[in-house]
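What follows is a set of notes on a single structure, which appears directly below.
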Amino acid sequence: MPVRDTAAPTLVRPGLWALTLPLPGPPDLVTVYVLETDAGPYLVDAGWDTEDGWRALSRGLAAIGTRVEEVRGVLVSHSHMEHYGLAPRIRASSGAWIALHPLDAAQLSHYRIDPAERLADVLRRAGAPDTAVDRALAGLGKGRGHDAAAPDVLLEDGQRPEVPGWDLTALWTPGHSPGHLCFWEGRQRLLLAGDQVLPRTVV
């Protein structure tokens, strides 16, 4: 299964970058935001835990002059693996904390990190023959397949995560997931909306 090339980092506004990471799709891309601070970068969302995703994240951070090892925190909008998946691996490399709403932290036990396992299950339930399943999984490689590791910080509605130089407030916006969070930056009148606003999706 070919992976679409990711784009170069996009400067959204001073101090805020958007990185696009590949997914085993569809959809085939997810956006990770990088908040620059004097203490090091903070991320909003993390991407899925695949080697392609990890390389794209590493390349994107390098392009804006930083590294995974310098990440201080990961604010995750919700527990779906294309947003949460790489967060534990980032934490292992950098010591960064991971923040998530309590309702979505409770959902993590329902997910597996390995996208091949999920895709194979979907294809088999749809009646695909084993040969078609094998072809679809050929480009994914083998993921670790373990349960997603828990976050360090549970963020409730109205709480303000500690991101130096940014005036962020967590907004509980259930719908796409039970504990979906958006992040409002009051001084810049900026909303980081996760998957709360999408042209099309499966909920």
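The values are calculated or read from the model by the stated rules, or taken from the named source; none is laboratory data. The shown structure was predicted, so the numbers you read here are calculated from the model rather than taken from an experiment. Note that we place each Cβ from the backbone using ideal geometry, even for glycine, and neighbour counts take in every protein chain shown. For accessibility, only protein heavy atoms count, side chains too; no ligands or nucleic acids. Shrake-Rupley method; radii C 1.70, N 1.55, O 1.52, S 1.80 Å.
In the set Ala138, Ala116, which member is at pLDDT below 95, closer than 14 Å to Leu23 by Cα and of a type in the set (A, V, I, L, M)? Step through it out loud before you land on a result.
On the way: Ala138 fails: closer than 14 Å to Leu23 by Cα.
Ala116 is the lone residue from the list that is at pLDDT below 95, closer than 14 Å to Leu23 by Cα and of a type in the set (A, V, I, L, M).
Remark: Ala39 falls outside the filter, which requires a residue to be of a type in the set (A, V, I, L, M, F, W, C), part of a helix (DSSP H, G or I) and out of contact with any Phe, Trp or Tyr (no Cβ under 9 Å at 6 or more places or on another chain).
Let's see how each residue does on (1) surrounded by fewer than 24 Cβ atoms within 10 Å (Cβ to Cβ); (2) part of a loop (DSSP other than H, G, I, E, B); (3) in contact (Cβ under 8 Å) with a residue 12 or more places away in the chain:
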| residue | (1), (2), (3) |
| --- | --- |
| Ala18 | yes, no, yes |
| Tyr33 | yes, no, yes |
| Trp48 | no, yes, yes |
| Ala62 | yes, no, no |
| Ser77 | no, yes, yes |
| Ser93 | yes, no, yes |
| Ile98 | yes, no, yes |
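Residues that are of a type in the set (A, V, I, L, M, F, W, C) and at pLDDT below 90 within region 45-87 comprise Trp48, Met81, listed in sequence order.
Of Leu23, Leu57, Leu11, all but one fail to be farther than 14 Å from Gly194 by Cα and in contact with a helix residue (DSSP H, G or I) (Cβ under 6 Å, 6 or more places away or on another chain); the exception is Leu23. Got at least one residue in region 35-43 being farther than 21 Å from Trp184 by Cα, open to solvent by less than 40 Å² (accessible area, probe 1.4 Å) and at pLDDT 90 or above? Scanning region 35-43 turns up no residue that is farther than 21 Å from Trp184 by Cα, open to solvent by less than 40 Å² (accessible area, probe 1.4 Å) and at pLDDT 90 or above. With respect to the conditions (1) surrounded by 20 or more Cβ atoms within 10 Å (Cβ to Cβ); (2) modelled with pLDDT under 95; (3) in a helix (DSSP H, G or I); (4) not aliphatic (A, V, I, L, M), Ser109 falls short on a single one, namely (1).
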